[in-house]
Amino acid sequence: MSWAAHLPLAPILLPLAVGALLLLFDERQHKLKATISLASALYLGAAALALLEGADAAAARVYTLGGWPAPFGIVLVVDRLAALMLVLTAALGLAAIAFSTARWQRAGPRFHALAQFQLAGLNGAFLTGDLFNLFVFFELLLAASYGLALHGAGTARVRASLHYIAVNLTASLLFLVGASLLYGVAGTLNMADLAARLPALPASDRGLAEAGAAILGVALLVKAAMWPLGFWLPPTYAAASAPAAALFAILSKVGVYAVLRLWLLLFGAGGFGGELLVSGGMATLAFGIIGVLASQELSRLAGFALVVSSGTLLAAIGVGDAAVTGAALYYLAVSTLGVGAFFLLVELVERSREPGADVLAVSAAYLALDDGEGPEEEVGVAIPATMALLGLSFVCCALLLAGLPPLPGFVAKFALLAALLEPEPVPGAAWALLVLLSLSGLAALIATGRAGVRIFWPAQPRSVPRVRLLEMLPVAALLGACLALTVAAGPALRYLQDTAQALHSPRAYVESVLPPR
Amino acid sequence: MEAVLALAIGALAGSGVWLLLRPRTFQVVVGLSLVSYAVNLFIFAMGWVRGGAAPFVQAGVPVDPARFADPLPQALVLTAIVISFAMTALLLVVLLAARGLSGTDHVDGRETDA
């Protein structure tokens with residue numbers, strides 16, 4: 001095999017190796033570590049784009065580890081959805097790592113190694129074609145995320161992480177129960193093989209298989225932060241350091257991805273659990289709306305914006321219509337990039353403010369602005385017109401979250417609603433989702449508007465935060481990527497519609513992994 | 001055989017869940033360990049439990065695969081044990097840090113009146 005044939009392995013092996021390598025260097029060699037880490041993230045981006053370029057709508061690209069054919073060997077599967085998620089991961093990883101080099105990498109030890117392990121876990125979870133390896137990569141990305149959530153230490157982070165770790169460990173145990181139940185019934189862990197075998201199960205085993213899938217689903221939905229399983233998300237993400245939180249923006253999407261992939265593969269659209277996904281997604285959406293309106297700190301607002309996007313995605317996926325799924329995938333890309341940029345921006349905006357300036361009492365405990373930032377050390381160029389740039393980025397983020405034109409948040413919501421209202425007659429759930437989606441936009445607009453007025457038009461003159469070019473660039477790049485998604489909305493939506501079509505007819509996926517004998 | 005194993009898994013999982021819902025961090029750690037033992041045994045049980053049938057291969061007699069335990073769940077259990085062991089160690093470190101920073105071993109970092 002030529003080197004290019006091994007490309008699907010690179011997004012997993014490279015960050016693992018780089019992460020291990022970074023452990024060897026002394027903490028004082030910041031520059032060297034940052035350079036290696038950035039180079040790795042850049043390469044990941046290039047590899048992900050190459051995989052996306054080569055991803056075919058009709059058939060998935062299958063990489064058999066060690067040449068053992070599925071279902072006996074372990075496979076990596078690159079289809080369009082996996083490639084899309086890889087690109088999003090690389091974009092957020094690159095932005096977070098670049099952001100951290102200005103300042104945050106010095107807030108605690110081994111930031112870059114943890115970030116690389118996180119990327120390896122994320123990429124592995126998106127690429128694997130095997131339920132147990134999905135578990136292993138989940139654990140890898142969670143283990144790294146525990147370290148990243150604690151990065152910078154401080155009481156608030158440790159307290160939030162304690163809950164985060166306990167909840168996710170329990171969810172992982174549920175994952176194991178679900179996966180082993182499915183194995184016990186179907187005798188395989190390969191996703192494609194499961195998809196082929198489940199319909200042929202005798203009726204007596206059917207209930208057991210569905211119970212296993214349901215337990216597995218609970219574990220995945222904890223990660224996707226579906227109500228009532230997602231209470232851990234906003235405090236943890238609000239307490240985490242900015243670059244870690246930006247990376248976490250894709251973490252909850254791993255749960256959504258796994259639900260989308262496994263549900264459509266194992267049960268097909270409209271199959272077992274679809275209504276639950278719709279109602280659970282709408283409940284999550286409602287919870288997120290209330291949370292967005294109630295948050296007084298920007299970082300909590302960003303966390304609830306993530307809950308809103310999870311709810312929207314789960315509900316849209318649960319509808320089980322290929323057109324809706326395609327629009328949801330566009331929304332996924334936009335909201336991941338947008339919320340990631342927002343997490344980074346929040347830290348920049350909040351930097352100059354008195355800790356607790358806009359906090360009304362109760363939530364002061366979560367504020368950890370003054371933690372872990374050692375003596376200031378100028379790195380890079382401080383940029384002029386800081387407030388204007390920050391304000392502009394803030395407006396962009398607000399428009400993205402609220403789904404207003406001209407940014408792609410609008411295109412995403414419009415595409416979703418158009419697809420929802422297409423069938424005749426329009427189902428009741430679609431109307432409910434429409435109302436909730438519009439309300440979520442309104443809530444985001446009110447909350448960001450309120451925060452923006454407080455921050456950018458204060459009554460007393462305030463000190464301007466010192467922002468370096470290296471910190472502004474990642475935010476600008478993420479927002480620029482969103483803007484590019486608006487400009488190229490037509491081709492992007494068409495591409496994602498094809499992706500959704502392929503997901504809704506999983507025969508091609510199954511036949512790519514298990515060639516008919 | 002099955003009944004004994006099922007009872008053991010149930011007892012472990014039940015007590016683990018109860019401890020998991022307790023307010024002290026150490027109880028949570030012990031609860032998580034107990035649940036993970038239950039889950040490990042559960043995975044093991046998915047590979048078919050049977051007694052009194054030794055997997056001998058005899059010359060001239062056709063091999064009967066029903067006498068062999070499924071090796072895959074055993075491999076899965078090994079992986080799961082290693083992972084849950086490492087995660088418990090990590091949680092213990094966080095627990096100690098939380099105890100040191102907040103001065104209490106309550107999971108919320110502060111005593112509640114209830």
Please go through the range A:174-184 and pick out each residue that is at the interface with chain B (Cβ under 7 Å from one of its Cβ atoms), surrounded by 24 or more Cβ atoms within 10 Å (Cβ to Cβ) and under 14 Å from A:Val218 (Cβ atoms).
A:Leu176
Specify which of the listed residues (A:Pro228, A:Pro235) is under 24 Å from A:Leu337 (Cβ atoms) and either in contact with a helix residue (DSSP H, G or I) (Cβ under 8 Å, 6 or more places away or on another chain) or assigned by TED's automatic domain parsing to the domain that holds A:Gln118 (or both).
A:Pro235
Pairs only if they're at least six apart or on different chains, beta carbon under 7 angstrom, first in the range A:8-27 and among the β-branched types (Val, Ile, Thr), second surrounded by fewer than 20 Cβ atoms within 10 Å (Cβ to Cβ) and part of a helix (DSSP H, G or I); list them, first residue then second.
A:Val18/A:Ile36
Considering only the range A:204-212, I want to know if a residue exists there that is within 13 Å of another protein chain (Cβ to nearest Cβ), surrounded by fewer than 23 Cβ atoms within 10 Å (Cβ to Cβ) and either hydroxyl-bearing (Ser, Thr, Tyr) or in contact with a strand residue (DSSP E or B) (Cβ under 9 Å, 6 or more places away or on another chain) (or both).
no
Could you pull out every one of the helices (runs of 4 or more DSSP H) wholly within the range A:408-517 that has 1 or more residues that are more than 23 Å from the chain's Cα centre (by Cα), on the phi > 0 side of the Ramachandran plot and not charged (D, E, K, R)?
none
Taking the criterion of being part of a helix (DSSP H, G or I), modelled with pLDDT under 90 and closer than 19 Å to A:Trp431 by Cβ, would at least one residue in the range A:264-275 satisfy it?
yes
If you scan the range A:94-123, which residues turn out to be under 15 Å from the mean Cα position of the chain (by Cα) and more than 14 Å from every other protein chain (Cβ to nearest Cβ)?
A:Leu94, A:Ala95, A:Ala96, A:Ala115, A:Gln118, A:Leu119, A:Ala120, A:Leu122, A:Asn123
So, A:Phe138, is that one within 9 Å of chain B (Cβ to nearest Cβ) and either free of Cβ contacts under 8 Å to residues at least 40 places away in the same chain or not in a loop (DSSP other than H, G, I, E, B) (or both) or not?
no
A:Gly124: surrounded by fewer than 24 Cβ atoms within 10 Å (Cβ to Cβ), free of Cβ contacts under 8 Å to residues at least 60 places away in the same chain and out of contact with any His (no Cβ under 8 Å at 6 or more places or on another chain), yes or no?
no
Looking at (1) under 26 Å from A:Ala508 (Cβ atoms); (2) of a type outside the set (Asp, Glu); (3) free of Cβ contacts under 8 Å to residues at least 12 places away in the same chain, which one does A:Phe231 not meet, given that it meets all the others?
(1)
In the range A:283-308, what residues are buried (at least 22 other Cβ atoms within 10 Å of the Cβ) and of a type in the set (Ser, Thr, Tyr)?
A:Thr284, A:Ser299
Cβ-Cβ below 7 Å, separation at least six or inter-chain, first residue in the range B:93-114 and farther than 20 Å from A:Val167 by Cα, second hydrophobic (A, V, I, L, M, F, W, C): which pairs?
B:Leu101/A:Val158
Is there a residue being closer than 21 Å to A:Ala316 by Cβ, buried (at least 22 other Cβ atoms within 10 Å of the Cβ), of a type in the set (A, V, I, L, M) and in contact with a helix residue (DSSP H, G or I) (Cβ under 6 Å, 6 or more places away or on another chain) anywhere in the range A:466-480?
no
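The values are calculated or read from the model by the stated rules, or taken from the named source; none is laboratory data. Since the structure is predicted, the reported quantities are computational estimates derived from the model, not experimental observations. Neighbour counts run over all protein chains shown; Cβ positions are idealised from the backbone, glycine included.
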